[in-house]
Amino acid sequence: MGAIDHFFQTNLDIVFFVYGMAFLLMGIAILLQPKKLSKLSLAHDIWLLAMFGLTHGINELLDMWAITRGSSEVFAIIRWVILVTSYIFLFAFGRRFFEGNFKNRAFRELSRYAGPALGAFILTAAFLSSDFWKTGSNLSRYFLGFPGGLLTGLGLLRYKTRETQLYTNRLPIKYFNWAGGAFLCYALLSGLVVNPADYFPANTLNTQAFLALTGIPVQVFRALCAVAAAYGIVRILSIFNWEVEEKLHETIEREQTRFSDLAQQIPDSVLIAGLDEKITYVNHTFEKVTGYTKKEVMGKNLDILKNGNHEDSFYRNIQQTLASGQTWRGQITNKKKDGALYTEDAVIFPVLDKNGQPAEFVGISKDITDKLLAEEKSREYLQTSEIINKILKLSLQNKPLAEILQNTLNDILSVKWLSIETKGAIFLTDEKTNFLKMAASTGLGEFITKICAEVPAGRCLCGRALLSGKPVFKSHLDGDHENSYEGIHNHGHYVIPITAGGRVYGVITVYTKSGHIRSDYDINFLSAIADILAGIIRRVKLNERLALLKELRLKALETRDTNAALKLLTDNICDITGWEAGEVWLPSLNKLHLYRFYYHGKSGHKLETFASQSGSFIFKKGEGLPGVVWQRLEPVWFREMSKCGNLPRKKLAMAAGLKSGIGIPIIANGEFIAAITFLATEVKIGDEEMADFIGEAAGQLDLIFQQNMLAEQLVQTQKMDTVGQLAGGIAHDFNNILGAILGYTDFLIKDLKTMPRQLSDALEVKKAAERAAALTKQLLTFSRKKTAIRRVINLNDAIKELVLMLEKIIGENIKLEIALEEGVPPVKMDPTQLEQIIMNLVLNARDAMPKGGAITIKTGKNLFAAETAPAGLKAGNYAVFSVSDTGSGMSEEIKKRVFEPFFTTKPIGSGTGLGLSIVYGMIKQHNAQIIVNSVLDEGTTFTVFIPAASESETTTTPENQVQDSRLKGSETILIAEDDETSKAVLLRVLKEHGYNALAASNAMEALSLAKEHTGEIQLLLTDIRMPGKTGIELAEEMLKLRHGIKLLYMTGYTDTDILDKHHISNEALLHKPLVYQHLLAKIREMLDKL
């Protein structure tokens, strides 16, 4: 122990040196530590601790100087002032530090003045003592050093817990403990262990007592405390560095966030990599472009983006540019996550450190893949447009098809971007064989040209494209490339069908290098050219077919026969198209089925067998190919008949090797005339153009048929007019004869009243004459020359009068049944037109029953309210009659058109189609209605509704009931009649009834009589048709001679045109043969008018 004491006693200067240097270095470290921007409360007060360290350290070094070099009073005063000053700084630091921890306001106010007060106290007490230096030193230790050290130590221990939340896991807690404990020890050793003095506690607890107790000077322990405190404080200062680091990190993070936000908003890709080429940052655009996520690329080498297409020198150039601190700009192709390549416009620049050296690299790039592709496509499009325009110009030139095809092929093979070899060919489809025939070729050897001269459908790549109508691609030779030869080099093919309207006109085939990847753009380009070629070929084919159609039409017109035209059409289409068989199917008379009218086929045992065995087949609508055509009334394709149902002749067709069929309806004037079917031994692809051609050919027949029908109708009309004129002429002459017979018979009846037997004979003669008059009326009805004169008619009586004639015209195989209801109201209509309506309906019913049947005529009556009246009728009372048959009936289509003019279901040449249309017109003229009810295979009923005559019309006294006394007169009547017999009868009738009658045989004679007669002539009775001037011309001149004369006309014709022209009404007209009571009544009626 003595050795240790001796060592420290002899080396106390070293202790003071360590002691002083510890605090001095602590003070310097505190002052040098950056803390201006610190948010820690310690930063605001620690300068006081630094001042303590500096002053106290200097004091201890001065103590060391005093020990080694001696001291003086001035030096002692300086040392003492520095010591007191140092403790004041320590006390001030401790006070502030401590009060900052506890936040006690009263304590802060008290402690604020404690330092100065204690300093004044110590200074005063020191001056008043006998030993200023010792007393001043001890008092400063007691009142400043001790509380200062104590407050500092406690403050450090407390501070670490207060600031923990700011620097969690980074605050140097153990160093706060270290420094706090050191200052507490130092407060005890430096503040309480003082120099010996004669006052308490310096007289008990002092340096000598401590030395005696421990054997070691207290300065050694103070020095250790100083070293420990300085070490702890210096280590605590690291919190300021950590704070700076935190702020720096925050700043960096904030800047990084700002940079990241900015980078994320940039529409271009952003990538940052270190000098080791490892990725440290990417933005969303990079993720979107490459397919990588940020997590997947962070820390990865840039090699993951390299595509292998750029050479190493390319990447070395980038590295050298960046290493020199320069920016690299250019296009770079990289690889996406899925392996796809993309090209970017990139700018890569280095981020330099403070020394101007690259620290990392930033790349900003824009994906220009689409742009480059668009530019490339634009160049391709321009070239494509040039080629297509060139081919389009070829199509407008009047050049042979073979030359156009060869030039087109050469243009295709000249396209630079099209990845094909300069080899290819164009094939055209042979319509008859359905083979492909080579029409143009380039770069093909002689052998391949020979074996591919003709290619069947379905064989090799070209045949498959023909069969499917779709593009075929092969990247290399395989089993589908059937046309091959030894030594053929491996290659691929594009085969593009030339199609339009569902038909394959041919194919374009071009060679590609083996392994070529299929390109939709290539196919689209070739398909566009194929479409142009299809239009060119179609135009050529159309011109050829137009010429054929023209020739066919001329031939058909020459035939002037419908059936012959159908045969001609069938023969020509078979020859043109190569179809093996053609058939013409006509509807039966009853329209129930189709039968084969004509067959055209190639020679051969199988086809001849088919022709003979299938000829007896008949087809209803929807059965077999002909029946389906009849049902649909449009072209029908059966591509593979073996797969079709409802084909009664399927087995026969299969046995004959027939596989495909097409049917075309022949329609004339809107009506089905025939079905033409064509059959082939090859599977035919649905060809719209072929169907159009056949349809156009059929349309030619439609026009021809209509022309023939119009011609036949014209002939029929002319025939009817001729017959009508003949009938009218006969009826006119016959009427004159009958008029004479009836007149003289009436004379006889008057004279034979007393001779019953002779009177009976005369009455029979009159009946015969009246029957003959009815016959002439029917002749006029047939010739349509009877004027419509409406009279009140009993419907039942009118039908009874027609029964005998109707039975004769319907034939013996048809039974006529009459069912007349009692009480049918009378109607007002033209009797002749009523007869014509009934006759036409009966004749129409007869024609519907070629094999016989029954016709029923019924009458009845109906009273309709407004809501129950049939369409077209008003409410009221109606007389009804119907004509029913048991014939074939009508379809809905025929019912809709049955009243159309010239519409007929009868075979060509068997009817005009006018009968029912005339009936309909007559019925409408009388405000009546006709309704059709028909059921196929059961029969048809026509029902006519005629408005009942009004009561006033039915109560009029008939003309033949006028009293004979009222028929007489005394006026002068001039007769103009060219028929001498009729004239004689008229003269006698008029004279017997008291009239003064003058008679002339023509107009000139009548005018002469009128001029010579001196008396008044009250009425002119004239025939309309006479030799020379007509009766109307006579009347016009007569009016000039005698202004007040009455005019009454007679005719055996209708003379409708003359009557309408001169406005002559039925009131001034009598029809021959004359009923003389009617004549006398009409004369009396006209003369009695004012």
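For this structure, a couple of remarks:
- Selection within region 553-594 - within 44 Å of the chain's Cα centre (by Cα), outside any helix (DSSP H, G or I) and modelled with pLDDT of 75 or more: W579, E580, A581, G582, E583, V584, W585, L586, P587, L592, H593, L594
- The set of residues from region 34-52 being farther than 16 Å from L156 by Cα and modelled with pLDDT of 80 or more comprises just one member, M51.
- Pairs are defined by a Cβ separation below 7 Å, a sequence spacing of at least 6 or placement on different chains, a first member in region 506-531 that is assigned by TED's automatic domain parsing to the domain that holds P471, and a second member that is in a helix (DSSP H, G or I) and among the small types (G, A, S); the pairs so defined are V507/A465; I508/A530.
- Restricting region 754-788 to residues that are among the basic types (K, R) and modelled with pLDDT of 60 or more, the residue that is surrounded by the fewest Cβ atoms within 10 Å (Cβ to Cβ): R757
- The single condition among (1) among the hydrophobic types (A, V, I, L, M, F, W, C); (2) at pLDDT below 90; (3) closer than 18 Å to I946 by Cα that L843 does not meet is (3).
- Checked against (1) without any contact (Cβ under 8 Å) to a residue 40 or more places away in the chain; (2) of a type in the set (V, I, T); (3) part of a loop (DSSP other than H, G, I, E, B), V495 passes all but a single condition, namely (3).
- Test set (1) in a loop (DSSP other than H, G, I, E, B); (2) surrounded by 18 or more Cβ atoms within 10 Å (Cβ to Cβ) - P850 fails condition number: (2)
- Inspection of region 622-630 identifies no residue that is over 14 Å from F672 (Cβ atoms) and at pLDDT below 80.
- Of all residues making up region 607-630, the number that are surrounded by 16 or more Cβ atoms within 10 Å (Cβ to Cβ) and either part of a helix (DSSP H, G or I) or not assigned by TED's automatic domain parsing to the domain that holds L568 (or both): 11
- Of all residues in region 474-487 being free of Cβ contacts under 8 Å to residues at least 12 places away in the same chain and not acidic (D, E), the one that is nearest to E454 (Cα to Cα): S484
- Hey, F617 over 25 Å from E431 (Cβ atoms) and touching a Phe, Trp or Tyr at 6+ places or on another chain (Cβ under 7 Å) or not: no
- Cβ separations smaller than 7 Å between residues 6+ apart or across chains give the following pairs from region 1017-1038 residues that are farther than 16 Å from K983 by Cα and of a type in the set (K, R) to residues that are at pLDDT 90 or above and crowded, with 20+ Cβ neighbours inside 10 Å: K1029/A1003.
- Number of residues in region 202-233 that are within 23 Å of G153 (Cα to Cα) and surrounded by fewer than 18 Cβ atoms within 10 Å (Cβ to Cβ): the value is 3.
- The residues of region 818-856 that are touching an Asp or Glu at 6+ places or on another chain (Cβ under 7 Å) and either under 23 Å from R791 (Cα atoms) or aliphatic (A, V, I, L, M) (or both), listed by number, are K828, A845, A848, M849, A854, I855.
- For region 332-361, the set of residues classified as touching a Phe, Trp or Tyr at 6+ places or on another chain (Cβ under 6 Å) and within 16 Å of G274 (Cα to Cα) consists of I348, P350, listed by residue number.
- Condition met for E821 (in contact (Cβ under 8 Å) with a residue 12 or more places away in the chain, part of a loop (DSSP other than H, G, I, E, B) and acidic (D, E)): yes
- Selection from region 297-325 of residues that are surrounded by 13 or more Cβ atoms within 10 Å (Cβ to Cβ) and not in a helix (DSSP H, G or I): M298, K300, N301, K306, N307, H310
- Residue check, T449 at pLDDT below 85, in contact with a His (Cβ under 9 Å, 6 or more places away or on another chain) and within 23 Å of N407 (Cα to Cα): no
- Contact map, region 269-295: first residue over 20 Å from Q357 (Cβ atoms), second residue surrounded by fewer than 21 Cβ atoms within 10 Å (Cβ to Cβ) and basic (K, R), Cβ cut-off under 7 Å, separation 6 or more or different chains; pairs are I279/K300; V282/K294; E287/K294; T290/K336; T290/K337; G291/K336; G291/K337; Y292/K337.
The values are calculated or read from the model by the stated rules, or taken from the named source; none is laboratory data. No experiment lies behind these values; they were computed from the predicted model shown. Note that we place each Cβ from the backbone using ideal geometry, even for glycine, and neighbour counts take in every protein chain shown.
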